[in-house]
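All remarks here apply to the structure that follows.
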Amino acid sequence: MCNIQTGLPGPAPFFNSDAAFLALMLLFAVSNGYLSTLLLLAVVVEDSLDPEEIDVAATASVVYLTAGLALGSLLSFPVGRLAEAL
């Protein structure tokens, strides 16, 4: 997908410039951070929560966010292998 010259036969890079790939990754990073922050703040200010439930809700949301990021990272390995096989 990015401009990596391996010397092995394969598809041409989608991005011929490392700057374009870096800009796309920066866009993903900023949007992920912004949306994650909005969701974590929305959990804490939810009107339907009792004051003693706020700590549990905040902890659960952080655990689920971390688990989702870890699962996405772990799934990138088999998906990468699958993409190489195609």
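Observations on the model:
- Within the stretch 66-86, the set of residues being β-branched (Val, Ile, Thr) and either touching a residue at least 12 places away in the same chain (Cβ under 8 Å) or within 30 Å of ALA12 (Cβ to Cβ) (or both) comprises just one member, VAL79.
- Residue that is modelled with the lowest pLDDT, among those in the stretch 39-54 that are surrounded by 10 or more Cβ atoms within 10 Å (Cβ to Cβ) and either of a type outside the set (A, V, I, L, M) or within 16 Å of GLY68 (Cα to Cα) (or both): GLU46
- Cβ-Cβ contacts under 8 Å between residues 6 or more apart (or on different chains), taken from a first residue in the stretch 7-22 that is more than 24 Å from LEU82 (Cα to Cα) to a second residue that is of a type outside the set (Gly, Ala, Ser) and modelled with pLDDT under 70, are listed as SER17/ASN3.
- Screening VAL45, VAL63 for residues that are free of Cβ contacts under 8 Å to residues at least 12 places away in the same chain and more than 18 Å from the chain's Cα centre (by Cα) leaves exactly one candidate, VAL45.
- Verdict on ALA58 being in a helix (DSSP H, G or I) and either loosely packed, with under 10 Cβ neighbours inside 10 Å or in contact with a helix residue (DSSP H, G or I) (Cβ under 7 Å, 6 or more places away or on another chain) (or both): yes
- Within the stretch 23-34, considering residues that are surrounded by 11 or more Cβ atoms within 10 Å (Cβ to Cβ) and over 11 Å from the mean Cα position of the chain (by Cα), the one farthest from LEU86 (Cα to Cα): ALA23
The values are calculated or read from the model by the stated rules, or taken from the named source; none is laboratory data. This one's a predicted model, so the numbers in the text were calculated from it and none came from an experiment. Methodologically, a virtual Cβ is constructed for each residue, glycine included, from the backbone with ideal geometry; neighbour enumeration extends over all protein chains shown.
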